[in-house]
Amino acid sequence: MAAKKAYESFSKSLIEDVHKWGCMKQTGVSLRYMMEFGSDPSDRNLLLSGQFLHKELPIRIARRAVELGTLPYGLSEKPAVLKVRDWYIDSFRDMRKFPEIKDINDEKEFTQMIKAIKVRHNNVVPTMALGVQQLKKGLDPKIDYEDLDEIHQFLDRFYMSRIGIRMLIGQHVELHKPNPPPHVVGYIHTKMSPVEVARNASESARAVCLREYGSAPEIVIYGDPSFTFPYVPTHLQLMVFELVKNSLRAVQERFMDSDKVAPPVRIIVAEGIEDVTIKISDEGGGIPRKGLPKIFTYLYSTAKYPLEEYPDLGMDDRVTMAGYGYGIPISRLYAQYFGGDLQVISMEGYGTDAYLHLSRLGDSKEPLP
């Protein structure tokens, strides 16, 4: 009941305001625009960026708050989901209370406030995962999770929107840092080497595998380390880490009791004119064809839910993704956010290939749910 009460403690006028702003039109921005705009973080540009976010963020936050209150199957009433809705309404209220941004001092104060909002929302993914678990416990076990399409579509919209909100806030906050490293514009690296990022991400994934199993397959990377293009390294790191971790686990479990040496996981980085494609190939036995759609759902996970055991656990997105069976669907959203995609093709009895397509042109606008 406590969670329910929190929502009721918001004033009627605030809730009406949330609904009003939730109907307004969102404005998407492209990677190229963020890069060009951020390459000159002058006071004037920071002021313009702050004024844009002052209007844009409440619209995006309000849309999610409204949707959190209208979910099917009683998901909106689950304590964890009510908690997330309260965070969104709190953040909306903070944004609306902040006066018009007229000068650089206002902008600096505004930046501190949105930084705090970003921290408030750190645990949204695990908390929503817990809400979905609470829903699953009460559902008829005979229900096929693929039938719960509305919930999948909602979670896709919800997490895509979250990626966008965090990208806009993070990009604005980062632009305030004095003396950024060369070629770095906020979150964007204008000369990112995908081979280098893939190497770092796969080393982290291999460390996880070593810790869990005591050994780990080798990883071989093919591609030109000197090739670079503009992208957000943290997004790519997250996607490759997740895909390689899954491949390592599949290979490790398949060859654990075998006399044969476990075959390596292969990463191939290819540069096309429009796309950069990263293929992650393993010989981990593959996934049955009927199981493939399940890897993109949020309701299908055998992972333990750390938040049920440790409700106060704080965590960042990387750790979050690792334990929730959410890694693949959320990785696909990260790829799609800047106009790319993720495809998984499997040969049951042999192995799996994941194709991560990243748009090179950087001019596709954010997909706004």
| message | I'm trying to understand the selection: among the residues of segment 209-223, which are out of contact with any helix residue (DSSP H, G or I) (no Cβ under 6 Å at 6 or more places or on another chain) and more than 13 Å from I278 (Cβ to Cβ)? | response | L210, R211, E212, G214, S215, E218, V220
| message | Please go through segment 331-369 and give me each residue that is open to solvent by less than 10 Å² (accessible area, probe 1.4 Å), under 26 Å from E150 (Cβ atoms) and either of a type in the set (K, R) or under 13 Å from the mean Cα position of the chain (by Cα) (or both), ordered by number. | response | S331, L333, A335, Y337
| message | If I filter segment 237-249 for residues that are buried (at least 20 other Cβ atoms within 10 Å of the Cβ), in a helix (DSSP H, G or I), on the phi < 0 side of the Ramachandran plot and among the small types (G, A, S), do I get at least one hit? | response | yes
| field | Whichever residue in segment 1-13 is surrounded by 13 or more Cβ atoms within 10 Å (Cβ to Cβ) and in a helix (DSSP H, G or I) and, among such residues, is modelled with the lowest pLDDT | value | A3
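Run down S226, S247, S202 and say which single residue is touching a helix residue (DSSP H, G or I) at 6+ places or on another chain (Cβ under 8 Å) and over 26 Å from I169 (Cα atoms). Full working, then the answer.
Details: S226 fails: touching a helix residue (DSSP H, G or I) at 6+ places or on another chain (Cβ under 8 Å); S247 fails: touching a helix residue (DSSP H, G or I) at 6+ places or on another chain (Cβ under 8 Å).
Going through S226, S247, S202 in turn, the sole match is S202.
Scan segment 84-95 and tell me whether some residue there is in contact (Cβ under 8 Å) with a residue 40 or more places away in the chain, farther than 19 Å from V125 by Cβ and not aromatic (F, W, Y). So that I can check it myself, show each step before the final result.
If we filter segment 84-95 for residues that are in contact (Cβ under 8 Å) with a residue 40 or more places away in the chain, which is where we start, we get 84-86, 89, 92-93, 95.
Among the residues that remain, those that are also farther than 19 Å from V125 by Cβ are: 92-93, 95.
The next check asks that each one be not aromatic (F, W, Y); those that pass are 93, 95.
Within segment 84-95, one or more residues are in contact (Cβ under 8 Å) with a residue 40 or more places away in the chain, farther than 19 Å from V125 by Cβ and not aromatic (F, W, Y).
The values are calculated or read from the model by the stated rules, or taken from the named source; none is laboratory data. Being a predicted model, the structure only gives us computed values, none of them experimental. Cβ atoms come from the backbone with ideal geometry, glycine included; neighbour counts cover every protein chain shown. Side chains included, ligands, DNA and RNA excluded: accessible areas come from the protein's heavy atoms. Shrake-Rupley method; radii C 1.70, N 1.55, O 1.52, S 1.80 Å.
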